[in-house]
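The values are calculated or read from the model by the stated rules, or taken from the named source; none is laboratory data. Since the model is a prediction, treat every value here as computed from it, not as a measurement. FYI the Cβ positions are ideal-geometry reconstructions off the backbone, even for glycines, and counts take in every protein chain you see.
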Amino acid sequence: MAVGMDVVLAGCTLIFAVYSVTAELPRKKFEYKLSLKGPHLIQSDGSIPFWTHGGNAIASDQSIRVTPSLRSQKGWVWSKNTNPHEHWEVEATFRISGRGRVGADGLAIWYTTQQGMDGPVFGGKDQWNGLGVFFDSFDNDGQHNNPYVMVMLNDGTKQYDHNSDGQHQQLGGCLRDFRNKPFPVKAKIEYYKNALTLSIHNGMTNNKDDYEICVRAENVNLPRNGYFGVSAATGGLAGAVDDHDLVSFITHSMTVPVTGAQPEGKVSPEDKKKFETEFDEYWEKLQKAQEEYKQQHPDKAREMEESQAYEGAYERELRMIFEGQNGIHRVMNELHRKVDELIGRQASIESQLSARVGTPQYQQQGQPAQLPASDGMRRHEVDSLLNSQRDVSNMINDVKFLVSDIQKRSAQAQGPGGGDPFASQQLLHQIRDNMNELKTDLLSRPNQGCPPVQGGSCLTPAYFFIFMGAQLAMMIGYIVYRNSKEAAAKKFY
Ligand SMILES: [Ca+2]
Ligand SMILES: [Ca+2]
């Protein structure tokens, strides 16, 4: 129980601390009847709850296209309810996008006593009573100062001067490009204690807090019970028309915190002591009551203890998600560490390599350069390795050449035009066999000399072999000749 008490006391201290810091900040309350936001922005009949839209405005489930990017369009959306709050803040989120380098005409956010539907001021009525915040895309006065954001107050008498872009009528403004941004542009208007602040989120990031103050003015008197509205208009130039899309309009009322006797909102030490004593007394009473209840209802007390001992399905699910995420986190950290390690190793290898490549092979006097002793291999070892590798590659090239030569020759011998090599070979073998047979036959006979042939001469073996050799040569020549002829003939076909 002591631990619980500590926690509660710490909580109280924190609340006091927060209270002392936030005491001066107004309290905000979301006003749903003065707000619109997708999804489900429209009802089944196409109307927007608590809002009315008209002109060329098209409401969809996600946003309102206040004007489409066509010539001479006007659209508007106005709250049906008036704003009864003295202090308020609105945040309008919108996109202004077009294909042209220059856009037109612009968008306006209104807080006026009347719903200024269908007028010449960015789709709103002129001579309004209240506040107009204009996002003026088109540079009517040619001062090269648009797109421009400006605040203009009106008491119902002034006419907006389009030709000068209201330059001399504005309460304040800032040069901001709000067209064609990656994220929607936001405008926050705060009206608190008669101080008007306009902040712009330029739509370059998705961070909702990236606001910059555009205008801040004190002593501004806006009418009570006005309507909020957004209107837009395109111009007459076909090349300079924009889509004006309102994504959301969020209204908060603000109340000034009651500070009472403590103007700075701080709790006096006496009060603090009093609160703490009260809290202690209350805590003791609560503990006593709990004990009494447990004594009177032992069954319920056991149930309570059991319910504390076992975790519910929801707690278990939460714990499992938490543990799972912790596990993922650990693994990610480990992966991160390993990737770092690998990158480090790679960098060291790269630096070693570049150091080796960068070292000159020979010094100026032609002496071999000495590499650091820490190197695993000396320069000459590397050179000899490279040389031997080069030799091997040369040898491989020679072998390749030889093989291809052999292939070429064999293709010539066996390929088209080569006839039937097997038949030629057989013929040669047959001739050789015949010759051998003849030889053995001749040798087996005794030297008989010449047979008595009349009037004829005698054929000696020498003559015979010469004759046969000549015949053989002629035959081989004939075969080669025939092959070459056939090859020549094939080339033509
Ligand atoms: Ca203009
Ligand atoms: Ca201008």
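Only residues that are in a strand (DSSP E or B) and charged (D, E, K, R): list them for the stretch 180-200, please.
Restricting attention to the stretch 180-200, the residues satisfying the condition of being in a strand (DSSP E or B) are 185-192, 195-200.
Hits for the stretch 180-200 are LYS186, LYS188, GLU190.
Kindly indicate whether GLY106 is crowded, with 18+ Cβ neighbours inside 10 Å and within 12 Å of ligand 2 (Cβ to nearest atom). Write out each step before concluding.
Working: crowded, with 18+ Cβ neighbours inside 10 Å: yes; within 12 Å of ligand 2 (Cβ to nearest atom): yes.
Yes; evaluated as a whole, the condition is true for this residue.
Scan the stretch 114-132 residue by residue and report those that are assigned to a loop (DSSP other than H, G, I, E, B), under 22 Å from LEU246 (Cβ atoms) and away from ligand 2 (no atom under 15 Å from the Cβ).
Residues satisfying the conditions are GLN114, GLN115, GLY116, PRO120, LYS125, ASP126, TRP128.
Out of (1) within 16 Å of ligand 1 (Cβ to nearest atom); (2) closer than 20 Å to VAL247 by Cα; (3) within 35 Å of the chain's Cα centre (by Cα), what's the single condition that is false for GLY100?
(2)
Looking at the stretch 154-191, which of the residues that are among the small types (Gly, Ala, Ser) and within 23 Å of THR205 (Cβ to Cβ) is nearest to ligand 2 (Cβ to nearest atom)?
Per the stated criteria, the residue is GLY173.
Against the condition within 16 Å of ligand 1 (Cβ to nearest atom) and either under 21 Å from ASN83 (Cα atoms) or at pLDDT 95 or above (or both), how does ALA108 come out, does it pass? Spell out how you get there, then give the answer.
Working: within 16 Å of ligand 1 (Cβ to nearest atom): yes; either under 21 Å from ASN83 (Cα atoms) or at pLDDT 95 or above (or both): yes.
Spelling it out, ALA108 is indeed within 16 Å of ligand 1 (Cβ to nearest atom) and either under 21 Å from ASN83 (Cα atoms) or at pLDDT 95 or above (or both).
Yes/no matrix, rows are residues, columns are (1) away from ligand 1 (no atom under 15 Å from the Cβ); (2) under 30 Å from SER72 (Cβ atoms); (3) of a type in the set (Phe, Trp, Tyr):
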residue	(1), (2), (3)
LYS158	yes, yes, no
TYR227	yes, yes, yes
LEU237	no, yes, no
SER248	yes, yes, no
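State whether one or more residues within the stretch 133-152 are under 35 Å from the mean Cα position of the chain (by Cα), away from ligand 1 (no atom under 16 Å from the Cβ) and polar (S, T, N, Q).
No: zero hits.
Are any residues in the stretch 133-144 within 16 Å of ligand 2 (Cβ to nearest atom) and either more than 17 Å from ARG101 (Cα to Cα) or touching a strand residue (DSSP E or B) at 6+ places or on another chain (Cβ under 6 Å) (or both), and if so, which ones?
Let us first name the residues in the stretch 133-144 that are within 16 Å of ligand 2 (Cβ to nearest atom), namely 134-144.
The answer is PHE134, PHE135, ASP136, SER137, ASP141.
Given the criteria under 30 Å from PRO257 (Cα atoms), of a type outside the set (Lys, Arg), within 16 Å of ligand 2 (Cβ to nearest atom) and not in a loop (DSSP other than H, G, I, E, B), does VAL151 qualify? Quick ask: steps written out before the conclusion?
Numbers: under 30 Å from PRO257 (Cα atoms): yes; of a type outside the set (Lys, Arg): yes; within 16 Å of ligand 2 (Cβ to nearest atom): yes; not in a loop (DSSP other than H, G, I, E, B): yes.
When the stated conditions are applied, VAL151 passes them.
Closer than 22 Å to GLY173 by Cβ and more than 16 Å from ligand 1 (Cβ to nearest atom): is that true of VAL90 in this structure? Full working, then the answer.
Values: closer than 22 Å to GLY173 by Cβ: yes; more than 16 Å from ligand 1 (Cβ to nearest atom): yes.
Yes, satisfied.
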